[in-house]
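Comments concern the structure below.
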2 protein chains.
Amino acid sequence: MERENPDQIAGRCIGIVGGMGPEAGVALSSKVIAETDSSSDSGHLPQILFSFPSLTPDRTAFITGEIKNNPGYIIADLIERLERAGATIAAIACNSAHAPQIFDLARRLMAEKGLKIELLHIIDETAHYLKERWPDISKVGILSTTGTYVTRLYDRLNSHEIETIWLSPKHQERLHSLIYHQDRGIKARAGRLGEEHREQLVQFMEIVAKKGAEAIVLGCTELPLAFGGEKMKGIPVVDPATATARALIRHISPEKLKKRV
Amino acid sequence: MERENPDQIAGRCIGIVGGMGPEAGVALSSKVIAETDSSSDSGHLPQILFSFPSLTPDRTAFITGEIKNNPGYIIADLIERLERAGATIAAIACNSAHAPQIFDLARRLMAEKGLKIELLHIIDETAHYLKERWPDISKVGILSTTGTYVTRLYDRLNSHEIETIWLSPKHQERLHSLIYHQDRGIKARAGRLGEEHREQLVQFMEIVAKKGAEAIVLGCTELPLAFGGEKMKGIPVVDPATATARALIRHISPEKLKKRV
């Protein structure tokens, strides 16, 4: 057979809602590849990534009331487009987009549109990942944008019997600025991050560690770009995107999930 | 206005044919972000990435006659799907896929399907990039897969008055193995590349430099993943994906193209 049937594309396929920020969507796609056990190109899993940053309102600005445009609308539209393009399971590469006022709207719109595609929840997948890898850990420190902070989004971990430790409002403001600063912030420096970003981030990690965190969740998709490790002074550092990537793989091809020790 | 019109998505939009290998598609998407001048998420450009590795026959295996299934069919299908999803300009994140027997078939099928989307040619964009940044360079060394090597794909640079320098068949075989080796190769180690890959690659760079190359083209999308620099002992190292990323940006929003000095 010389010709593939294009309809075969619509088997099981991963869909990623990117653009929030753009680098985070790409990073999730890359993590799916890194967590897939395959030694050849053809063993890797089908993926579609949609990244429309200019159409996607800032999540934190919506949550804090600065803007009125709910990102849930465009998220639901993109998930519809992902389904139409062949994706059967989707994830949103943005923590703040999982705030109930955004995520629940997206889910409701998906139901109204009659979509069949499944949508993962990044916090639930983080809980599963923590339970699987470090079953004894009961307290985790959360580093995030202010959007995630004010909604206490990661308190959803509490329902999985994991206690959450947050920064003080003053420290939170400084961390948000490390992510969002217009010239020096992690978002602005995408692709050109320096050691200074990592050092500043480690300072915030140390603060939550001192408060009793047994693991640290980098609860903003930009933060792992600046850190790039799995431990800080012996404390596990958890990237929710890795947890989500593994959940996506498990859905499509569980036998291809890379073993974690 | 609370609701974005989803049809607005179909303005100008970048489409990337990925999956060859999967990491190369993601890398091209990431380079579009890195080469875009924007300090906020919303200033970045719309992108759609399709990655269907299992449906995409190996390019080198087709070129060398090991398999009969022309990857041009699936490439044309994916470009059709990209257009349907809203993309207006596309690029293929794979050098070997630009071999005439593959690329010309894809272009012919695109015409038969009546597609309006534009498709860039990675080698022509590499020539434009070389001419723009280093107008005095007239000889470049080419490091590539054997698929690209046997088709002498980069000799297309000759029509832009750039001479090409290739490895000997024996060295080429070793370079191909560095990319494709089932356990230790760059493709197999995607996301976990070590210093040893870089060191081996530099040895091949030195070989073409000794033969008179004034710049080195990393003519396989996996090679820049292993190198990650812009110069080797003062000699410019050119990543065709960067050239392609810049051409994509120029097409969509020339004013957002990051300045190169």
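A short reminder: the numbers here are calculations on the coordinates, not readings from a lab. Just so we're clear, the structure is a prediction, and the values are computed from it rather than from any experiment. Cβ coordinates were reconstructed from backbone atoms using ideal geometry, including for glycine residues, and neighbour counts include every protein chain displayed.
The H on the amide N of residue B:165, modeled in the peptide plane, is under 5 Å from the matching H of B:140, B:141, B:142, each at least 5 residues off or on a different chain.
Using the structure shown, select from A:68/A:258; A:170/A:259; A:113/B:68; A:258/B:231; B:116/B:170; A:170/A:233 the pairs with a Cα to Cα distance greater than 32 angstrom. Beyond 32 Å between Cα atoms: A:68/A:258; A:170/A:259; A:113/B:68; A:258/B:231; B:116/B:170.
Enclosing the Cα atoms of the protein assembly as shown in their convex hull gives a volume equal to 143 cubic angstrom per residue.
Rg over Rh for the stretch B:3-122 works out to 1.00, using Cα positions for both radii and the Kirkwood form for Rh. Local charge for residue B:162 was computed over the other residues whose Cβ lies under 14 Å away, with Lys and Arg +1 and Asp and Glu -1, and equals -3.
For the stretch B:116-126, 3J(HN,Hα) computed residue by residue from phi via the Karplus equation (6.51, -1.76, 1.60; θ = phi - 60°) reads 9, 4, 7, 10, 6, 10, 4, 6, 4, 5, 5 Hz, glycine and proline entered as x.
Rounded to the nearest 20 debye, the dipole size of chain B about its Cα centre is 300 debye, using +1 on the Cβ of Lys and Arg and -1 on the Cβ of Asp and Glu.
Remark: mean inter-chain Cβ contacts per residue of A:11-20 equal 2, using a 10 Å Cβ-Cβ cutoff to other protein chain atoms. Using θ = phi - 60° in the Karplus curve 6.51 cos²θ - 1.76 cosθ + 1.60, the 3J(HN,Hα) couplings for the stretch A:172-180 round to 4, 4, 5, 5, 4, 5, 4, 7, 9 Hz; x is entered for Gly and Pro.
Dipole of the protein assembly as shown, Cα-centred, from +1 at each Lys and Arg C-beta and -1 at each Asp and Glu C-beta, to the nearest 20 debye?
360 debye
The convex hull defined by the C-alpha atoms of chain A has an orientation-averaged projected area of 14.8 nm². Near residue A:118, the amide H atoms lying under 5 Å from its own belong to A:89, A:90; only residues 5 or more places off or on other chains count, and H is placed 1.01 Å from N.
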